[in-house]
Each structure stands twice: as C-alpha cells, then as structure tokens.
1. Determine by what factor the alpha-carbon radius of gyration of segment 1-113 differs from 2.2 N^0.38 Å, reporting the quotient.
2. For Lys650, list the aspartates and glutamates whose Cα falls under 13 Å from its own Cα; do not include residues on the same chain fewer than 8 positions away.
3. Report the percentage of all Cα-Cα pairs in segment 142-257 whose separation exceeds 20 Å, rounded to a whole percent.
4. Tally up the carbon and sulfur contribution to the accessible surface of the chain as a whole percent, 1.4 Å probe, everything protein left in place.
5. Report the Stokes-Einstein translational diffusion coefficient (µm² s⁻¹, integer) for segment 646-782, Rh taken as the Kirkwood radius over Cα pairs, at 10 °C with viscosity 1.306 mPa s.
6. Quick check: convex hull over the Cα atoms of segment 519-655, volume per residue in Å³, rounded to an integer?
7. Beyond 28 Å between alpha-carbons counts as too far, so tell me which of Lys77/Lys153; Lys14/Lys254; Lys426/Lys766; Lys228/Lys667; Lys254/Lys647; Lys548/Lys731 fall in that bin.
8. Only bridges with both residues in segment 259-385 count here: give the DSSP antiparallel percent, nearest 5.
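The values are calculated or read from the model by the stated rules, or taken from the named source; none is laboratory data. This is a predicted model, so every value here is computed, not measured. Cβ sites come from the backbone with ideal geometry, for glycine too, and all protein chains shown count toward neighbours. Protein only, heavy atoms only, side chains kept; ligands, DNA and RNA dropped before computing areas. Shrake-Rupley method; radii C 1.70, N 1.55, O 1.52, S 1.80 Å.
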Amino acid sequence: MTGLRHIGKSVRRKDGPDKVTGRAVYSEDVKLPGTLVGRVLRSPHPHARILRIDTAKAMSLPGVKAVITAEDTKGVKHGFVETPRYPPDQDVLARGRVVYVGEEIAAVAAVDQMTAQQALDLIEVEYEPLPAVFDPLEAMQPGAPEIHASHPKAAIEVPYANIGGRTTSGWGDVEEGFASADYIREDRFESHLRTHGYLEPHVTIAYWESERLNVWTSSMGTFIKRAKLARTLDLPYSAIRVHKAYCGGTFGGKIDLYAHEYCAARLSMLTQRPVRIVVNREEIFSAYRHGQPLIIEIKTGVRKDGTIVAQQMRTINNSGAYRGSGVVVIFLAWGFTMIPYRIPNLKYEGLSVYTNYPVRAPQRGHGCPQVRFAIESQLDAIAEHLGIDPVTIRLRNAREPWEALPNGDNVHEAGLIDCIKLAAEKSNIIDHYGKGRNASGTIRRGIGMGVSGYFGGSLIYPNGSGVIVKMNDDGSATVLTGGIDVGQGSETVICQIVAEELSLDLDDVKIISSDTDTTPQDIGAWISGMTYVTGNATRQAAGNVRRKMLDLASSRLNVDAQSLAVEDKVVFNRNDPHQRMTYREIIAYSIATKRGDTILGEGFWRTMRDEPAHPSLATTKGRWSENYAFSCQVAEVEVDIETGEAKLLKALTVHDCGFPMNPALVKGQIDGQVSMALGHAFLEEIITKDGFTLNPNWLDYRMPTIHEMAASDDADVITEQYVVGQPYRTKEVGEGLVSGILAAIANAIYDATGVRLTSTPFTPEKLLRGLRQLEREKRAKN
C-alpha cells in the first residue's frame, strides 16, 4: 500500500484533544435548566408475584413531580432480539411479576436526589414470593420453577423446561466421522459470570419539548436506541432525537434498551421537564446486563495425524430472566466453532435457558472466548495424546485462503496459516513447550497457543450505514456519519479515509457524528463492522466528491478527467501541471454552473448486499458474514505451585485484520483485549447467592490494574490492501483477539503444571486441587 498519506498511519486521534482536556461531552455533562432527578425502584426478590403497588404516598411528597409503574406505560415489550421467532419478551417495568433481583418496578421524578429517594421509600409494593432457580441445568429439568414457558418449538423438540431458544446445525455425517476416527475425546468446559467493566456508568437525560423527545444516553448506537424508544413509547421515529454524547466504555453492555432510558423519557413526557437518571455502580453490578456464562460439552474425533474428522458440541447458556442475547450467543457459538478449522462432520446444539438472574448481554467476543477456550484446550489434550506438537495440529486443520465455509460464506484471503507459523517462529514455542512441568523449584513457567476467528459485520438492524461528505468553500471537508465512537477510534478512521480519498490534510476534515437528526443512519459500534461497513460508505461518499471535482475541473480546463490528479487541495493535469484548479476554485465554479451545487457526496454500504436477511438463529441457515479475521496467540505464564497463584508474563498476538487502517488504534485494541482476557482468566467474577450479587463494587470485583498487566507483543499478517477509489476489505480487530489468548493462557498453565483446567476463572484453589490430584495419581502409580 505505497503512496498513501493517511491510511496505514498512526495519526493523532480526532477525539483525543477533547478527551484529555475535559471538553468531551458525556451524557452526565449535559446540563439543562429545570432538570429533575429520576430514580428507579427495584425488586428485592428473585421471583415473586406483585399483588399490589400503591404510589399515593410518594406522589403526595412535596417535590415529587411524577411516579410511573407498568400501568403508565403503553404495554409494549422490548428485547435484544425482536424477530417473528423470538418476539420481544420484556416489559419496560415489571407487570404482575418480578423474575430477578433488581428488576425495575416503578420510577419517580423529583426536584432533587434526596426527595427522589424518599419517594421510592414511600412506594408500597406487596409481593408473594415464588420459588426461584439459578442454575441452568436445574432450570432445564421438568418440574423446575417456571420463569417463562419454553419456546413453543423448543417445547416440542426437547423435554426441557425454561428454554428460551434452541439452535441446531451441522453438516456431514457425524456418526460416520466418529466411526472413522482413530481417537475420540469428550470434555466439558464451563465459564463464569463477569461484567463489562465500563468506567462510565449508565446515564440518560431526556427532555420532551415541543412534541419532540430529546435524549442523551451512554450507548453503542444512537439509531438502535431511537428505534427501541420509539417502539416502546409508541412514537414516530421523527419525534425522537438521540443526540451525540461520548461514551466511556461499553464492551457490549450498552446496546439494547434499558428501563432507565425508557423511564427518563416517559417521566419527561409527563412532567414536561428534563429528567436525568444516573445509574449507580451497585445497581450496575446487581441488576444490569452482564456477559454470558456458557457450559460447553464437546466431543471430537481425529485421525492419528491430528486431522479432525468429526465434532459434536452442545452449548448451554444461562440467559437470565428474559431472552436477552441468549439466543444470539448460542447461534454465535456455532459460528465460532466453524470459522478457524476444517470440520468435515459437525453436529451442534445450543440451548438458552431462563433463570432468575438479571438479563444477559453481549460481552466482548460474545461467546467466542468461551468457545475457543474449550476447543483449543481440548485440541492441545488431543495433540499430547497423539504425540503431536501444538503448532503442527493447528496447521493440519487450519483453513486455507479462499475456502468456502459450510454455510456458504468464504474466508477470502484468510491469513490463519501464516498467523500460526509466524506466532510459532516469534515465540519459539516448539523449543519451550513441555519443559515447564518437569522443572525443579516452586516457580514453573509454561507456554501455550490459542487460535481464533471472528466475523466483521452482519445483517442486524439497521443493516447498513450511510455517510455524507460535503465540501466547504475553502476546500475543507465535513463528514456526517451516524457512526459512534465508543473509544475504538472510529471518528479518526473515518476522517483518515476522507483525507486519503480527497488528498486533504487530516486537519482539513471535520466530523459530525451519531446524531439521529443530523446524520445518516448507521449500524453502530457493535458486530465488529464499523471500519468495514461505515468505512466503505465513507470511502464511497468521498469518492463521489472526488469524481464530481474531477469532472468539474475537466470541464473548466478542457482536459480529459483521466489525465487529472489531485494533491493538497489542487486538481492538476498530469501532463501539464501548470493547468490546475484549487478546490476553492472548483467549488465556486460548481456553485456558479451547477445551480448552487456545493459538492456533496453520498455513500451507502451494506454487508452482504445481495442477502435478504441475517441467517436463522434457530437453524443457522443463510449467509452470516463476508468478512472473517483470524489470529494466533501465544501466552507465557508463571505459576507458583506452593500457592497456586498464576500470572500472565507475556502475550504474543499475530493477527490477520486485512490491513491496519491506523496501527496505533489496532495496537490499543490488541492490548485492551489481552488485558480483558487476563481479567477473565484470573481476576474478574460476579459472585452471587440466591440471585443477589455479593460483590457489587470495584473493591470486591477485581479488575486488572497496572500491577497485573503483561508484556504484549504483536505482529500483522497483511492479506488485503487499500486502493484509493476502490472498495476495501478490512477485517475486525476489536473482539476476536480476546479469545485465542484466553485459550493460550489455559494451555500455558497446563504446560507449566500438568493441570488441565476446564472452568474459568483459573483460581489458586483450582490449581492446588489439580496439583494434589496429580500427586495422588503419581503415588498410586508408584
């Protein structure tokens, strides 16, 4: 990619100066005159019938301006998934029954915080406690407390209770595949409950003014928020404006509608005043959406050389008290199984199970870390049994460039094989592997490898992105995009694309983003598709501007457009550089001769443009994505076999992201995901008992700090390129890299100790238990 000025360069972030100087406006920073304080009343029971709600005393308290319950809503349900098979299933405020601790029951708006809290205390709620169930395996059993009736189709297909959804898929003949296998291994893996750890809490301010609702909220996409608010409030989209507000971290936790967002809006509509609701950290830990704990049962058959011939997997998801993203994660688990390795025969089943816990949401990787932990751990165990090293067995099964996937997708220029080879070379894993557990002393070191693949962009509302680029009189450009920057650097990348296509300095490109009134619709900062989808829409819009300017200059200079080039806000004749027009002159010429046209360019991009819809969540039939990223990661760990304490010393990430638009931003994503995997492996865990969170604060929920961070090295495998004026295929780098490193850590711990851990987190207690078991087995042999 020679000759590029901006793409592939580590330029300064567009949002950097505002954020480091405190000028960046977050939802908490929006100050409107007369703003009321909103608070939400939550259930103290994991499962109970609501017999009576009396708000009279709260309403009579001086300073209280409004109180709402389910009776004050339109009765429209919402959900993370809203499809004919999986219709929305959650009320914005509990109606008739509560099904988890912290479920929203009522909300108040008052003149200040103290009055709002007093009003909540005055709301009288009479409950009839009901039996609750928290373990998904127990919840599945016939006769378990019914949280919701099983999905009608699942109820016919499987003899389980509380099934919110089921995914089944496969190809080939699994029984025949296992019959041909030289070695078959079965394992069960389990992952635990974690939270997203975003530093900015949920904050929403809503203001109903002149028959329009204005909203500022911490989110991952303004357009999906508008859609869900419009539906639940029974308002036209045009009556709601979701304004831009910077977002202080999400990691999947701020996508769909939250009750506090609805309540702020409804209370403002009733009071005709702005209403702000700030969710405190204890509420977030106790009642808000966390990640997806999965149970994965996996059976794999291989030939003597390690070639996979068959695989059977069952995934069980604890979705919480409503469907949430549970039916999505059991679909995705199938996909994350399919991507990296060839599996000629597969049988897959996923079950999403209701329990009396808060609703679940995507968390960075959305099931991929759990799936790759299971598959990569088992693959290492198979390799050891067969006497094959961890590199060879992965190369033997890795997908090659331009392979067709069983669902009809194609991996295109897949760089997985190169990733594995380069990771093996840079880490020297072959020479180090197997030496740790035979070392003397109490401190053991180990090395492990993990592979992952991830998709970039799929057909989820609103399915595509639009971008407008408009030229200003002085030759600078303004780009309008609905894309939202949640810290990943999307505003910077979008400006880099415009600057590259129009041969502008980066400072000549200004951006207006993520406002539902002033910017085109956008997919938002999720499904790892913004750089590909919104970026290509940006390239198309800027390219349209470029073509218009070339045509105008061609007309004015009487030179064929093919002979013209652009540089530094000038269009010139390649054959006679003295023939030139500045951008300022071209814009003036356009206005004079094109009836006032100031030169605007529009761009639109939709992944899988010829596909009508996303694949079926139930059967996986249909195209899923046209973009797949691959990675191979290596972890080096140190374990104290006396205390059981383990720590990550070094992480190596070799990845195929197509090409890095901005290497510094890519490096930030890699390091962030290594940190998140480190927390997943050793530190972070939501601890609960009977539906209550026991560690609802930062002191008791341990996040990685500078003291736990590991050295993080990385290398790119370049498989694509950027050419001005042409569509590009860059690949995701924001989610998939949290997965392979988690698996690599587990494999490295085994290499250091001989203890194969099958559940997260990797605690000292588990390691010591495993070491004692090994000692007992050793004594028994002697």
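1. My calculation over the Cα atoms of segment 1-113 gives 1.69.
2. Glu636, Glu638, Asp671, Glu708, Asp713, Asp714
3. Pairs farther apart than 20 Å: 68 percent.
4. 49
5. Values: Rh = 17.5 Å.
Answer, rounded: 91 µm²/s.
6. 243
7. Values: Lys77/Lys153 21 Å; Lys14/Lys254 23 Å; Lys426/Lys766 31 Å; Lys228/Lys667 34 Å; Lys254/Lys647 30 Å; Lys548/Lys731 30 Å.
Lys426/Lys766; Lys228/Lys667; Lys254/Lys647; Lys548/Lys731, as the Cα separations exceed 28 Å there.
8. 45
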